[in-house]
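So the structure is just underneath, and the comments pick up after that.
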Amino acid sequence: MESQSSKAEFMLSRGHLTRRRFLRLSLTTGAVGFAPGLVAGCSPTGTTEDSATTVSADTTSTPAPGSASSTEAPASATVTLRHDAGVGPIIEPYVEDFNERYDDVELASDFVPQDYFGVTQTQLAAGDVGFDVFFGDPANTQKWYDAGFIRALDDLPDMDQLLADLAPGTEDLLRSEDGNLMAVPYFVGVELFAYNSAHLDAIGADVPTTWDEFLDVARELKAEGVVDTPYSPFWSQDFDIIWWDFVAEVFSDGGEVFGPTGEPAFLEDPAVRSTLERWRVLYQEGLVPADIFTTSYGDLANVFAGGRSTFTIRYAPELRGFTDDTRSQVADDVRLALIPGSTQESYRWLGTWMITADSDEPEAWEVLQYLAYKDREGEFYVPSNLIAGELSLLTAYPAVNSSPEVQDIVRSWTDPAVLADQIDKSRTVPVEKAAWFAEFRPLFAGIMQDMIRGNVPIEDGLAQAADFVNANR
Amino acid sequence: MAVREASSVQRPTASTRRHRTRGEFPDWLAGLGYALPALLLTLALLAWPLLYSFWLSLNEVDFRTQELTFVGLENYRSVLRGTLFWPSLIRTLRFAAIIITGTVVLAMMFALAVADRFRGQGVFRSLIILPWSMSQVMLGLTFGWIFNSTYGPLNGLLYDLGLIDEYVAWFADGRTVLNILAFAAIWNLVPLASLLLMGALQTVPLDLHRAGRVDGAGPVRRFWSITVPHIKDSILVVIVLATLNAFLTFGPILVLTGGGPGTDTTLLSWLGYRRGFRDLELGEAAAIFYIMTLMLGVIAAATVTALGRNKAE
């Protein structure tokens, strides 16, 4: 033993490179090298594309443009559509329809199973993205436009016709700060209030029309043992979805979150305060699920669909799903009502389609027109069938929304008068398209959760959020 | 026979080295030559990202022009002044402490349990390595399912055993969530750590244990006085691995918590990801990861120093 250790000491002192020293050196280097490797791959010129997790649903097995084998592709040009996997099965038939009807363009699809915006943005930042047409929301559009990830669309043929057909006020939400058109509409979402009529019948309560009534009914439902968590709002950080509920409830009491030039009106707005205070009460009294902040989007939807809550707020595709007895255990009891509050207004927002900066023309525009506007026959095929029909969303085109076919679809799952009333009583948050907003929303989502849980005083949380807005706008 | 052969080989000494024949490579050069391919690979895979990310941390990235603007230490200043950094750092250190402790203790228990021969030892050893093969995302999904407040099997088990009256919302409280994430990381790492310690345990001379027993030392005393000193190197390696795992835990946060509730599971790794890949602040993200790198470097260096000191003793 002694001789071995003295030998080791001798070899170390002589500076010999032994296996042991080499391994130690590697261990140190490895430890030091691990963490920065995480970001090194994401540079403006790097290629982190491979690291992103995507599910390819390319039914044609045609490679994406820019990929190695795409140069060998024959005749028709390939355009790749990017979407989150949640809507994949609904969109896929339209991809197939496009490929059947358009001989000169091949449409492939690429669905992201998780963290759609994070994965998509990472690929956009890395360059050579492998997709052409993709969806987003106004919160990301300006940022991606500023970064050069997407192209301006003004110069595309017949764009003036598309713009002329839009509902008033829509175009402004699509234009950049320098006036260029960054995106075209995918759908218009409105946050809607749904309740379980059987639960209310059980205690003989009417549908609440103010938030005070709402709290009383919720408490009674819990006290009577009808349901343990009467309210299942979407307060999770998936897609920062808590923001949608927040704006809807603030608007319902006539509040405002931002001023006309982006000033943080939420700092002083009484409806903002009362909303957050009410949420804190709901959480503290166990009127919402205790693990609501970390429950996934799908599991949150299942709380209402499984009859474990009486009230929820979300947009039409979700609520329509609640009325479908193949997806919901309470399908017969789901009703729509105007959101409670002093003004009963709700939050309206826009989903958009964009084209990546390096996409081939005119094929990508051909696909975009098919998805967002009219097909070659001049029909609003996707807006009518997919958006208004299967997803029960509003389109950006009044001509589609008011068509008898679409009205029939609405009647099949809810009261069209209530839906129309809520749509009329809805408004947008124009400042959402500001470049800083994409960073603000997740930050505020975390702060809101901390305020609701009582970990951060409401004053401090709002001040922290306002500081961010003032520093960045 | 083997012993005689081994001892008959003339070991190089200082004097024999001095009389090296002409044309023969010095030992250090030969060693370097053997190690060079691996060294070059290591440099290519680690040094380049290391240097580039450091450069990124000193620059602001403009995606439109594809240009980097040198801003010096501004990104570091911005990170250190941020409201999320210090709470995330403290949380990460606490998280690492749980993982290191849990991994070392559990791995040691497993290693000791399977060190002695018993029937089915091979099968048992094969089985305990399984959790290590699980990816971080799968790990997150699995633990999310186990601890789910509605249909999680843990709640079902506890309820059936009469230990709880109603299902527990495990993911409601941030501290509990962080502990669950730590438990998942420990569960994932313990197999590898166990194998390392198992290998080390086999090098402990049985004679010393016999001598200790003759001297009246009990199992605990022998463990601390004989076993632990002999396997100290391996324990230190396990500590480094556990520290790395703790600092780089990301997948379970991505699939389970998104850094919440609130910011209760926002560790430095998640914060760096968020700044880089959500907010597109690559310079700040690189700065965060570089701060992590420095911390890991210090820990690794301290471990290597300790290893060296241990050998010298």
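Laboratory data are not the source of any read-out in this text; all were calculated from the coordinates shown. Just so it is clear, the model here is predicted, and its values are computed rather than measured. Quick reminder, even Gly has a Cβ in these numbers, built from the backbone with ideal geometry, and neighbours come from all protein chains shown.
Some points to look at:
- When the trypsin sites (Lys or Arg not before Pro) in the stretch B:99-136 are filtered for DSSP coil states and for at most 16 other beta-carbon atoms within 10 Å of their beta-carbon, the remaining sites are B:Arg117, B:Arg119.
- GNM flexibility winner over chain B from B:Ala246, B:Ala302, B:Ala200 (Cα, springs under 10 Å): B:Ala302
- Proxy reagent accessibility, fewest Cβ within 10 Å first, across A:Trp211, A:Trp353, B:Trp132, A:Trp243: B:Trp132, A:Trp211, A:Trp353, A:Trp243
- Karplus-derived 3J(HN,Hα) values for the stretch A:266-278, using 6.51 cos²θ - 1.76 cosθ + 1.60 with θ = phi - 60°, are 4, 5, 10, 5, x, 5, 5, 4, 5, 5, 5, 5, 5 Hz; glycine and proline are entered as x.
- For the residues of A:289-302, the average number of beta carbons from a partner chain within 10 Å of their own beta carbon is 6.
- Amide H within-cut-off set for B:Phe63, under 5 Å, with H built and near neighbours excluded: none
- Among B:Phe250, B:Phe70, B:Phe118: highest mean-square fluctuation, GNM of chain B, C-alpha pairs under 10 Å: B:Phe118
- Ranking of A:Met182, A:Met159 by count of other Cβ atoms within 10 Å, fewest first: A:Met159, A:Met182
- A:Leu350 long-range amide H proximity, modeled H, under 5 Å: A:Gly189
- Partner chain coverage, peptide B:301-309 - average Cβ within 10 angstrom: 3
- Note, ³J(HN,Hα) from phi for the stretch B:65-76, Karplus 6.51, -1.76, 1.60, rounded to Hz, x at Gly and Pro: 8, 6, 10, 9, 10, 5, 10, x, 8, 4, 4, 5
- The GluC sites (Glu not before Pro) found in the stretch A:83-173 include none that occupy coil by DSSP while having at most 12 further C-beta atoms within 10 Å.
- Candidates B:Leu139, B:Leu40, B:Leu189, ranked by Gaussian network fluctuation over chain B, Cα under 10 Å, top entry: B:Leu40
- Size check on the protein assembly as shown: the Cα extents along the three principal axes, sorted descending, read 99, 66, 49 Å.
- Close amide-amide hydrogen proximity is noted between A:Leu181 and A:Leu153, A:Asp154, A:Ser176, each under 5 Å apart and 5 or more residues distant or on a separate chain (H modeled in the peptide plane; Pro and chain starts excluded).
- Share antiparallel - DSSP beta bridges, the protein assembly as shown, percent rounded to 5: 70
- For A:Thr78, A:Thr312, B:Thr42, order by how many other beta-carbon atoms lie within 10 Å, fewest first: B:Thr42, A:Thr78, A:Thr312
- Residue mean of other protein chain beta carbons inside 10 Å, B:270-279: 5
- Integer Hz, Karplus 6.51/-1.76/1.60 couplings in order for the stretch A:389-403, x for Gly and Pro: x, 7, 8, 6, 9, 6, 9, 7, 10, x, 4, 6, 4, 8, 5
- Each label point was placed 7 Å from the Cα along the Cα-to-Cβ direction; for A:Glu96 and A:Ala399 their separation is 2.9 nm.
- Over chain B, relative contact order from alpha-carbon pairs under 8 Å, at least 6 apart, %: 25
- Non-local lysine pairs in the protein assembly as shown, meaning eight or more places apart or on different chains, with alpha-carbon distances under 22 Å, amount to 5.
- Packing rank of A:224-234, B:213-223, where each peptide gets the mean count of other beta carbons within 10 Å, highest leading: A:224-234, B:213-223
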